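Asks: The structure under discussion is supplied below as structure tokens; questions concerning it will follow.
Taken together, the values in this text are just the output of simple stated rules run on the coordinates, not laboratory data. This one's a predicted model, so the numbers in the text were calculated from it and none came from an experiment. Reconstructed Cβ throughout: ideal geometry from the backbone, glycine too, with neighbour counts over all protein chains shown.
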Amino acid sequence: MKTTITTRHFELSDSLRERTEERLLKLQRIFDRILDARVVVSLEKNRYTAEAIVTANGTPLTSHVTADSDKTALELALDKLETQLRRHKDRLIKGKRRTGPETTGVVEIEEVEVEDVDLDGIVGEEAGPFEERLTVSEAAAELRVSPREAFGFVNADTHRRMLVFKRRDGQVGVVDVHLD
């Protein structure tokens, strides 16, 4: 995770800077798919404004707080961000999102040659290839929170073997695998 802490019109103490970095690492432990984190603290008219932004799984999460002290503003902003991050993670895990390729980032590909692909290595040891029955949106949500790059499953709706994978742009792709 790339972190950036910026101040405007004042200098942040070393202890508060270290505390902020610790809190950002705590966010990384809560949700491991955070790409970058930015914190901006500014002083205007004896009021401190803290803005914290993280990009989690391609989704920007932002919190903005104004307080009388820099420590209070930072702590409140990071608390709000932690709450948003936990809620975001819960949504991904529980699948409380709209379904469909345009909202889940799923791209369907018609035909793919699978002769060069080792399908045995893309499923965890707990299940053999293509044994788990999921819908496409459930598989995409599970892959987003998983450290795996891809896995095979059986589509619960069509009973066909499919493969979900993480694309380079952060989206999830789906392949309908024909092994005939």
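Asks: Output the relative contact order of region 1-44, whole-number percent, from Cα pairs under 8 angstrom with separation of 6+ residues.
Replies: The normalised contact order for region 1-44 reaches 71 percent.
Asks: With θ set to phi - 60°, apply the Karplus curve 6.51 cos²θ - 1.76 cosθ + 1.60 along region 140-155 and write out the HN-Hα couplings as whole Hz, x wherever there is a Gly or Pro.
Replies: Computed from phi, the couplings for region 140-155 are 5, 5, 5, 5, 4, 9, 8, x, 5, 8, 6, 7, x, 7, 9, 5 Hz.
Asks: Quickly work out the residue 94-to-residue 158 label distance, labels modelled 7 Å from Cα along the C-beta direction, and quote it in nm with one decimal.
Replies: In this crude spin-label approximation the distance works out to 3.0 nm.
Asks: In addition: Within region 2-94, what percent of beta bridges assigned by DSSP are antiparallel, to the nearest 5?
Replies: Counting only bridges with both partners in region 2-94, antiparallel ones make up about 75 percent.
Asks: Label 7 Å along Cα→Cβ of residue 67; region 1-27 residues with amide nitrogen under 19 Å?
Replies: Label zone hits: 5-27.
Asks: Rounded to the nearest 0.05, what FRET efficiency is calculated for residue 87 and residue 4 with R0 set to 22 Å and r the Cβ-Cβ distance?
Replies: 0.40
Asks: Now for a different question. FRET efficiency for residue 79 and residue 146, Cβ-Cβ distance as r, R0 = 25 Å, nearest 0.05?
Replies: Between residue 79 and residue 146 the formula returns 0.35.
Asks: Which whole-number percent is the relative contact order of region 2-94 (Cα, under 8 Å, 6+ apart)?
Replies: Relative contact order of region 2-94: 25 percent.
Asks: What lysines sit close enough to residue 166 to cross-link, taking a C-alpha to C-alpha distance under 30 Å and skipping anything fewer than 8 places away on the same chain?
Replies: Answer for residue 166, where 30 Å is the Cα cut-off: 2, 26, 80, 89, 94, 96, listed by chain and number.
Asks: Looking only at region 55-72, which residues have a backbone nitrogen under 20 Å from a spot 7 Å from the Cα of residue 30 in the C-beta direction?
Replies: Label zone hits: 55-67, 71-72.
Asks: Quick one: grab the alpha carbon gyration tensor of region 2-94, order the square roots of its eigenvalues as a ≥ b ≥ c, and give me rounded if a/c is under 1.5, else prolate or oblate depending on whether a/b is larger than b/c.
Replies: Prolate is the answer for region 2-94, as a/c is 1.5 or above and a/b outweighs b/c.
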